[in-house]
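The values are calculated or read from the model by the stated rules, or taken from the named source; none is laboratory data. The structure presented is a predicted model; accordingly, all values stated were derived computationally and were not measured. FYI the Cβ positions are ideal-geometry reconstructions off the backbone, even for glycines, and counts take in every protein chain you see.
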């Protein structure tokens, strides 16, 4: 529990820092780059996000299998598995290099109708650096997975905090010296290399991890790659949900439209990260429960406990953004970018619904019952692309967000929960009944307070902060007194290191 507590507390500290840095850096970069170059930079980052798929789901497999081998105390299988992971990652790096070269070659033809010649040139200069960073991150994902499986959540968050702070300082220094997007991405490459070196040293020297290339058999490799390939399909689907529309907007509209749309997605991603912080530290625990043959009723009870905490954690920032978000965006990046609020709002709401029950995904992976779900998710992601292409022509960037939200509800809310119920045997009807029980009281009262306070836009940061503080205070006090039962209060105290 101590490792999980450190992981959650430091996770939210890291997330708060990440949000704070994004709060200051985003408008600064927008101003220093200019809207056009900022849009190209964000498009490049969206393209690079697909490079992460080259690990073929191994980052997830590392957590799943190393957790299992630790539970069984089988160091030989662990060493064999890690040897296979390193081999596959090296091969994936070569494929990524070839793929990135092809993408760079055809960039002028793809964006000729929406980007200027200078913007296309900038994108082509960014791509080689983004490819290098992607290859480094393939190996970095392996070290991160090992540390998660060993319960080193606190240290991982410390690494994350250090990385964010150093990156922010480097970005500010570079931009003040007159450098642009290319220098920023180059700094990311250097930082990834340093973090990778530190992670490798920790895994080998402190955790005593070993790698055995001599005993990797074909049947064993087929088993592991069978698992990871299905995770890869699911990751591809998730990536299409999150990044495909940025590319569609870039191709069909302009770099300026990409800038505004990316601001909306950035805001929505910060809310999604709130959910991941809790779920991320729980996967080894879920794998352990499945390995110990926990019943479906016990797994459902576990999901309910976590789901209620997640709902109460997510509801506050979401309802605050719904009611006070327009003032925030206007003060943050200027009223001319207010459409980013609409984009974020459309995407945030369905992602919150999916986040409440996403612990079921870890049960699914632990039980190796994720193949059908991954294929369906990919099909829904393709539906998102097709729908967004049509809607962008009629509604611009708002149409792209509507396409993503519709597909998200279909694939990550409706299908996921039906799959958890029918295939995994989890009682999702009882889950949702228990999760919402008592939660409507703090949500309702805080929403009412926010609605009253939102009557008229906040014209200064001071006024906005006061309104946010009032809403948060009402919500937290009522949630603690009314929504949480005694057992849940104990869980919250243990997770966040609060005194009993």
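Scanning segment 399-437 for residues that are in contact with a helix residue (DSSP H, G or I) (Cβ under 6 Å, 6 or more places away or on another chain) and under 29 Å from residue 255 (Cβ atoms) returns 399, 400, 401, 402, 403, 404, 405, 407, 408. Residues in segment 409-431 that are farther than 21 Å from residue 381 by Cβ and in contact (Cβ under 8 Å) with a residue 24 or more places away in the chain: how many? Here the count works out to 7. Set side by side, the residues 96, 138 differ, and just one is modelled with pLDDT under 90, under 30 Å from residue 257 (Cβ atoms) and under 23 Å from the mean Cα position of the chain (by Cα), which is 96.
Hey, can you tell me all the residues within segment 66-82 that are assigned to a helix (DSSP H, G or I) and over 18 Å from residue 156 (Cβ atoms)?
Just the residues of segment 66-82 that are assigned to a helix (DSSP H, G or I), to begin with: 66-72, 75-82.
Result: 68, 69, 71, 72, 75, 76, 77, 78, 79, 80, 81.
Please specify each residue of segment 278-301 satisfying the condition of being closer than 12 Å to residue 363 by Cα, at pLDDT below 85 and either part of a helix (DSSP H, G or I) or not assigned by TED's automatic domain parsing to the domain that holds residue 420 (or both). Break it down stepwise before answering.
Start the filter on segment 278-301 by keeping residues that are closer than 12 Å to residue 363 by Cα, which leaves 279, 282-291, 293-296, 298-300.
Checking the rest, the ones that are also at pLDDT below 85 come to 279, 282-291, 293-294.
Scanning segment 278-301 gives 279, 283, 284, 285, 286, 287, 288, 289, 290, 291.
Of all the criteria given as (1) crowded, with 23+ Cβ neighbours inside 10 Å; (2) under 30 Å from residue 224 (Cβ atoms), the one not satisfied by residue 397 is (2).
For every residue, the table says whether it meets (1) modelled with pLDDT under 85; (2) surrounded by fewer than 14 Cβ atoms within 10 Å (Cβ to Cβ); (3) out of contact with any helix residue (DSSP H, G or I) (no Cβ under 6 Å at 6 or more places or on another chain).
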position	(1), (2), (3)
83	no, no, no
92	yes, no, no
101	no, yes, yes
104	no, no, no
107	no, no, no
111	no, no, no
117	no, yes, yes
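For segment 102-156, the set of residues classified as in contact (Cβ under 8 Å) with a residue 24 or more places away in the chain and not in a helix (DSSP H, G or I) consists of 113, 114, 115, 116, 150, 151, 152, listed by residue number. Would you confirm whether any residue within segment 340-352 is buried (at least 18 other Cβ atoms within 10 Å of the Cβ), in the same structural domain as residue 402 (by TED's automatic domain parsing), farther than 19 Å from residue 409 by Cβ and at pLDDT 90 or above? Yes: segment 340-352 contains one or more residues that are buried (at least 18 other Cβ atoms within 10 Å of the Cβ), in the same structural domain as residue 402 (by TED's automatic domain parsing), farther than 19 Å from residue 409 by Cβ and at pLDDT 90 or above.
Would you point out which residue out of 370, 337 is surrounded by fewer than 21 Cβ atoms within 10 Å (Cβ to Cβ) and either assigned by TED's automatic domain parsing to the domain that holds residue 30 or touching a residue at least 60 places away in the same chain (Cβ under 8 Å) (or both)? Full working, then the answer.
Numbers: 370 fails: surrounded by fewer than 21 Cβ atoms within 10 Å (Cβ to Cβ).
Step by step, each of 370, 337 is checked, and only 337 is surrounded by fewer than 21 Cβ atoms within 10 Å (Cβ to Cβ) and either assigned by TED's automatic domain parsing to the domain that holds residue 30 or touching a residue at least 60 places away in the same chain (Cβ under 8 Å) (or both).
Of the residues screened, residue 361 is not one that is within 30 Å of residue 253 (Cβ to Cβ), touching a residue at least 12 places away in the same chain (Cβ under 8 Å) and either surrounded by fewer than 21 Cβ atoms within 10 Å (Cβ to Cβ) or assigned by TED's automatic domain parsing to the domain that holds residue 302 (or both). Looking across 165, 198, 182, 158, one residue alone is under 21 Å from residue 107 (Cβ atoms), in the same structural domain as residue 86 (by TED's automatic domain parsing) and surrounded by fewer than 19 Cβ atoms within 10 Å (Cβ to Cβ). It is 182. Taken together, the criteria place residue 426 among residues that are assigned to a loop (DSSP other than H, G, I, E, B), surrounded by 18 or more Cβ atoms within 10 Å (Cβ to Cβ) and in the same structural domain as residue 308 (by TED's automatic domain parsing).
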